[in-house]
Ligand SMILES: C=C(CC[C@@H](C)[C@H]1CC[C@H]2C3=CC[C@H]4[C@H](C)[C@@H](O)CC[C@]4(C)[C@H]3CC[C@]12C)C(C)C
Ligand SMILES: C[S@@+](CC[C@H](N)C(=O)[O-])C[C@H]1O[C@@H](n2cnc3c(N)ncnc32)[C@H](O)[C@@H]1O
């Protein structure tokens, strides 16, 4: 072959490879967000670095003092986090920002859907009921629950960028008449007392510095007799504070997921009762016979390398903002800590509580 033809052939093959990587393969699970669309939420491109170091500065002060002194800064810190990660989550995971137990012979997408529909079933959701999604992300669970049950769902998230993404997904799914999204703080919600028939939170209340603040708000906006289901991130009784490996995994999970501090499993029902709820059911959905929720993270190592490469190339070409690579590396580390948390059994992201506001609760 002529050297010139050889050069052209190689160039064409290289282009085809990049095209396939970025536009066709797109992500670990293609859900509408492509690598070329990666942004950093509402952060301007030249501010990404600043915001990323701001995010890390939250963890610099010693944990004991940080808890009290920074509780009021947590919503802004969580908002920054979701500006940084929302597009990467959508691109590499999908529209539902949570885990679910693996199901034999079923895809991740199906397992996710089953985990979400369980919420609707526990709430006895049906047409005519109005549900609240506490910390709704870009609305994956909201759409699944609305479609499965026929209920209306109102979601709240602290992150404006997610509100816009969720509204656009709701429109595309033809569910915008049933699903509404509001930007706000779930510890001070802009809803009247007793305005919802049911409520749920999926892997979201772990961002609250005091669980009382969010459970108290959910209690206030629920009608008497209304049910609330929450999937909570907690440490299990297997966690040992004197085991350095345990401590490293839990701190790694907190740092990579914008958590002011993970709670213990036994704290959840206690807080629920403290704010006035009856505890109807409590169960760690990760316990056997459930299959591991973390295999999806573990089996994707190859995808991570591919994703990392795509992101580096796009930042070099200035298609993706500078800083995406750092955030992606942080998530890669986090995946490792989450996997260790799952394998050792010291952590679960799906401690389920079903709570009821007593029928005779005073308004
Ligand atoms: C509930 C929360 C988020 C849970 C999960 C949805 C996310 C936790 C860690 C995330 C990820 C880790 C590795 C990323 C990978 C390096 C990248 O190539 C593709 C995206 C990841 C798989 C990403 C996806 C979302 C998570 C699994 C918290 C915040 C309370
Ligand atoms: C891990 S995501 C889960 C999203 C959604 N439940 C899902 O499963 O796809 C956590 C969500 O909680 C929201 N959140 C965290 N702190 C919040 C706060 N103080 N007020 C409102 N939303 C908050 C985040 O903005 C994000 O949407």
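No lab work stands behind these numbers, since they all come straight from the coordinates. Just so we're clear, the structure is a prediction, and the values are computed from it rather than from any experiment. Cβ placement follows ideal geometry from the backbone for every residue including glycine, while neighbour counts extend to all protein chains displayed.
Axis angle, to the nearest 10 degrees, between helix 48-57 and the longest C-alpha principal axis of the chain: 50 degrees. Across 173, 111, 208, mean-square fluctuation computed from a Gaussian network of the chain (C-alpha pairs under 10 Å connected) peaks at 173.
Work out the FRET efficiency for residue 242 and residue 212 from their Cβ-Cβ distance, taking R0 = 41 Å, and round it to the nearest 0.05. Efficiency computed from Cβ-Cβ geometry: 0.90. Overall shape of the chain was characterised from the C-alpha gyration tensor. The equivalent ellipsoid obtained from it has semi-axes of 36, 23, 20 Å, in decreasing order.
Antiparallel beta bridges, as assigned by DSSP with both residues in the chain, represent about 40 percent of the total such bridges. Label region 171-319 by shape, choosing from rounded, prolate and oblate, from the square roots a ≥ b ≥ c of the eigenvalues of the Cα gyration tensor; if a/c is under 1.5 it is rounded, and otherwise prolate applies when a/b is larger than b/c, oblate when it is not. In terms of gyration-tensor shape, oblate. Put a dot 7 Å past the Cα of residue 76, heading toward its Cβ, do the same for residue 318, and the two dots end up 3.1 nm apart. Across region 45-355, Cα pairs under 8 Å and at least six residues apart give a relative contact order of 20 percent.
Taking the chain as a Gaussian network of alpha-carbon nodes connected by springs under 10 Å, the highest mean-square fluctuation of the residues 235, 70, 112 belongs to 70.
Net length available on complete extension from residue 183 to residue 344 is 54.3 nm, with 0.36 nm assigned per residue and the Cα-Cα distance removed. Shape class of region 72-143 from the Cα gyration tensor (axes a ≥ b ≥ c, square roots of the eigenvalues): oblate, since a/c reaches 1.5 or more and a/b does not exceed b/c.
For residue 266 and residue 333, the FRET efficiency from 1/(1 + (r/R0)^6), where r spans their Cβ atoms and R0 equals 51 Å, is about 0.95.
Length gained on full extension, residue 251 to residue 306: 17.1 nm, using 0.36 nm per residue less the C-alpha separation.
Distance from the alpha carbon centroid of region 258-280 to that of region 106-137 works out to 21 angstrom. Placing a label point 7 Å from the Cα of residue 359 along the Cα-to-Cβ direction, the residues of region 257-279 whose backbone N falls under 18 Å from that point are 277-279. With R₀ set to 22 Å, the beta-carbon distance separating residue 295 from residue 59 gives a calculated FRET efficiency near 0.20. Extension gain for the segment residue 9 to residue 274, taken as residue separation times 0.36 nm less the Cα-Cα distance, is 88.4 nm to one decimal.
Let a ≥ b ≥ c be the square roots of the eigenvalues of the Cα gyration tensor of region 245-363; is it rounded (a/c under 1.5), or, if not, prolate (a/b larger than b/c) or oblate? Prolate, since a/c reaches 1.5 and a/b exceeds b/c.
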